[in-house]
Amino acid sequence: MKTEICKCLSEIVSEVSAEEFMKLVEIPPEEKLGDYALPCFSLAKMMRKNPAVIAQDIAKALEEKKGSLGIDKIECVGAYCNIFLNRKTYVEKCIQKLKADNLGVAKTGQDKTICIDYSSPNIAKNFHVGHLRTTVIGNSLYKIYDKLGYGVVRINHLGDWGTQFGKLIVAYKRWSSKEQVEKDGIEELMRIYVKFNDESENDEKLIEEAREWFVKMEHNDAEAIEIWKWFKEISMVEFERVYKMLGISFDSYLGESFYRDLVPELVEELISKNLLTESNGAKVIDLAEYDMPPCLILKSDGGSIYHSRDIAAILYRKKNYSFEKCLYVTGLEQSLHFKQIFKAIEVMGYDWADGLMHIPYGLVSLDGAKLSTRGGNIIYAEDILKEAIERASNAINEKNPDLADKETVAKMVGVGAVIFHDLFNQRIKNVEFSWNEVLSFEGTTGPYAQYTYARAKSILRKAKEDIFKGEINYDALADDVTYALLKCLNGYEDAIVSAAEKNEPSVVARYIISLATAFNKFYHEAPILQADEETKIARLYVTNLVQTVLKEASGLLGMECPEEM
Ligand code: ARG
């Protein structure tokens, strides 16, 4: 309806296009100010007329087309032209839209490919809460783009190459054993890595040995490669456990070790383009012109580095997936790294460099204390998820001990709570992790949304076959709370589109809360099962739409919804 109205507005004011009106027309903060409002300030500047007069003129012209646009009345308040829609028409259109394919969400991404590089943990290091954030944000972005019809390539750019593996091999040989690593997994690898760092402070020889082992790795020495591969397997088992808990999978696990073989080719290209310069024995791309430190390509020993492997990865992905966009979900602290490598692609002459985007996020702290990867207070993502499930399980035993399949529900609630909490605020904000807040059944939490979904499902179960009986009388849905609920339902597509535009799952999370809140208000104020037959059927129909959208929207965050709670 907004599109139609804006088309008509651009006919009235020919200087302004319908698209511009689409941006100009807003949703007023209060119900009593109508469904849409057109502020006339910017028009006034353009037309050199008093904004209130313009509002009056537009209102008069609109008045004539009222009927065909589904408008009930138009009111001018100062410089605003407030538009009240015909509720019955609106409700009907809204329901028709949601009944359409894909819940009425246009598949604008068809024939386009997006690569999302996320999670990307480091082999032999713990999967910490920071990695949990990139995993959860990246997965949600994947679901959002997928919903819009994009082809999405989910890439786990494993941190599986680097000098640290030389250190690890030395540490393993000195202070660990096959049995010990097999038994304790990453924990053991972390332990000996920390020990190496401590011991090597007073022992130069250790550093030298580690360097030698890494050189062996770079030269594909059989023993070195075998140990490295095994460390990788050990780590993957642990990562996969976390992914399974989160219900997450990837299309590609090609990590840094894969791209190191493509670096020589990259170096050739850089030389031929005259972009490689020498700096203290290393090879770099000079980025001084762009106010950036040089981008390291080859270390002085000729080995590749995080930067060059990443640049090689970009070229590989472009060639293999011909992406329109390639997103990198990592912590904010890697901003400079991505600025450098994106700039490198640009100076290499690739005009598609603007499709590369860093999607940063803030830090996580646990009940006030910053979570770190080194030192004593390591927080494993897996432990957080396990604890969340356990706490959810306790809550269920307390509140609803007879619930069927409690274990599955506890998992959905615990994991869902953590995911939702992570995604509710803008990703760039730091996350304060407090158990009470995460698992609360009230407020802006995952369990609140899940609980609302379960409530809708319970109503529908009680109603049984009544749901789809007969025609819907749209007039029965025109009261204030139901109308507000339908308006919220109608905002589903906008929420998804805006979340994709900003690469911001929080838009969907907030949408879920507003829908749940609108539904709970409706539930309390508009009796469903006790209403007269016609109203009951109409309200049940809406309830069914709400549960469908709530479940699907939760799915876009990666959160599951139990049928009963
Ligand atoms: N492994 C890195 C880390 O844990 C993240 C890698 C992100 N992806 C990339 N292509 N650089 O910090």
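Taken together, the values in this text are just the output of simple stated rules run on the coordinates, not laboratory data. What you are looking at is a predicted structure, and each value in this text was computed from that prediction instead of being measured. We place every Cβ from the backbone using ideal geometry, glycine too, and count neighbours over all the protein chains shown.
At 7 Å along Cα-to-Cβ for each site, give me the label-to-label distance between SER365 and PHE41 in nm.
About 3.7 nm, to one decimal.
How large is the helix-only mean residue ellipticity at 222 nm for the chain, computed as the sum of -39500 (n - 2.57) over DSSP H runs with n ≥ 4, divided by its residue count, in deg cm²/dmol to the nearest 500?
-18500 deg cm²/dmol
Compute the length gained on full extension between ARG191 and TYR350: take 0.36 nm times their separation in residues and subtract their Cα-Cα distance, giving the result in nm to one decimal.
That works out to 52.9 nm of additional length.
Would you mind calculating the gained length between VAL237 and ASP72 on full extension (0.36 nm times residue separation, minus the Cα-Cα distance), in nm to one decimal?
Details: separation 165, 0.36 × 165 = 59.40 nm, distance 6.18 nm.
Contour length minus the Cα-Cα distance gives 53.2 nm.
Can you classify region 488-546 as rounded, prolate or oblate using the Cα gyration tensor, where a ≥ b ≥ c are the square roots of its eigenvalues, rounded means a/c under 1.5, and otherwise it's prolate if a/b beats b/c and oblate if not?
Prolate is the answer for region 488-546, as a/c is 1.5 or above and a/b outweighs b/c.
Give the Rg (one decimal place) followed by the Dmax (whole number) of the chain, computed from C-alpha coordinates and expressed in Å.
Just the Cα atoms of the chain yield Rg and Dmax of 28.5, 89 Å.
Quick check for me: using +1 on Lys/Arg Cβ and -1 on Asp/Glu Cβ, what's the dipole size of region 77-124 about its Cα centre, in debye to the nearest 20? Please report the intermediate quantities before stating the final value.
On the way: 7 positive and 4 negative charges, 75 e Å.
Here region 77-124 has a charge dipole of around 360 debye.
Choose one of TYR541, CYS8, ILE225: the residue whose Cα lies farthest towards the positive end of the charge dipole of the chain (beta-carbon charges +1 Lys, Arg; -1 Asp, Glu; about the Cα centre).
CYS8
Hand me the trypsin sites (Lys or Arg not before Pro) from region 517-565 located in a DSSP loop with no more than 16 other Cβ atoms within 10 Å, in residue order please.
Numbers: sites: LYS521, LYS536, ARG539, LYS551; in loops: none.
Filter output for region 517-565: empty list.
Show which lysines lie in cross-link reach of LYS167 when reach means a straight Cα distance below 26 angstrom and same-chain residues fewer than eight apart are skipped.
The reachable lysines, counting only those whose Cα sits under 26 Å from LYS167, are LYS125, LYS178, LYS183, LYS195, LYS205, LYS216, LYS229, LYS232, LYS283, LYS299.
Scattering from the C-alpha atoms of region 296-428 alone, worked out with Debye: what is log10 I(q)/I(0) at q = 0.13, 0.17, 0.23 1/Å?
The Debye formula, applied to the Cα set alone, gives -0.79, -0.99, -1.28.
Starting from the 7 Å offset along Cα-to-Cβ, what nm value, one decimal, do you get for the label separation of THR3 and ASP251?
So the two model labels end up 2.8 nm from each other.
Can you figure out the FRET efficiency of TYR306 with ASN102, using R₀ = 51 Å and their beta-carbon distance, to the nearest 0.05?
That gives a FRET efficiency of 0.80.
Using DSSP to call loops (not H, G, I, E or B), can you name the GluC sites (Glu not before Pro) in region 462-499 whose Cβ has at most 10 other Cβ atoms within 10 angstrom?
Listed in order of number, the matching sites are GLU471.
Which FRET efficiency value, to the nearest 0.05, do you get for LYS183 and GLN426 by plugging their Cβ-Cβ distance into 1/(1 + (r/R0)^6) with R0 = 41 Å?
0.45
At a 4.7 angstrom Cβ threshold, list every cysteine in the chain that has nobody to pair with, or say none.
CYS6, CYS8, CYS40, CYS76, CYS81, CYS94, CYS295, CYS488, CYS561
With a ≥ b ≥ c taken as the square roots of the eigenvalues of the C-alpha gyration tensor of region 51-202, please select rounded if a/c is under 1.5 and otherwise prolate if a/b is larger than b/c or oblate if it is not?
The shape class here is prolate.
State the extension gain, in nm to one decimal, for the chain segment bounded by ILE225 and TYR290, taking 0.36 nm per residue of separation less the distance between their alpha-carbons.
19.5 nm
Give the total of Lys-Lys pairs in region 438-565 with Cα-Cα distances below 17 Å; include a pair only if its members are 8 or more places apart or on different chains.
Lysine pairs, 8 or more places apart or on different chains, close enough: 8.
Using a simple charge model, +1 on the beta-carbon of Lys and Arg, -1 on the beta-carbon of Asp and Glu, nothing else, what dipole does region 399-521 show about its Cα centre, in debye to the nearest 20?
Charge dipole, region 399-521, about its Cα centre: 280 debye, nearest 20.
If each of LYS32 and THR277 carries a label point 7 Å out from its Cα toward its Cβ, how far apart are those two points in nm?
Reported label-point gap for LYS32 and THR277 is 6.7 nm.
Which shape class, rounded, prolate or oblate, goes with region 1-75 when its Cα gyration tensor gives a ≥ b ≥ c as root eigenvalues, a/c under 1.5 marks rounded, and past that a/b bigger than b/c marks prolate?
rounded
With +1 on the Cβ of every Lys and Arg and -1 on the Cβ of every Asp and Glu, and nothing else charged, how large is the dipole of the chain about its Cα centre, in debye rounded to the nearest 20?
Working: 70 positive and 88 negative charges, 204 e Å.
Charge dipole, the chain, about its Cα centre: 980 debye, nearest 20.
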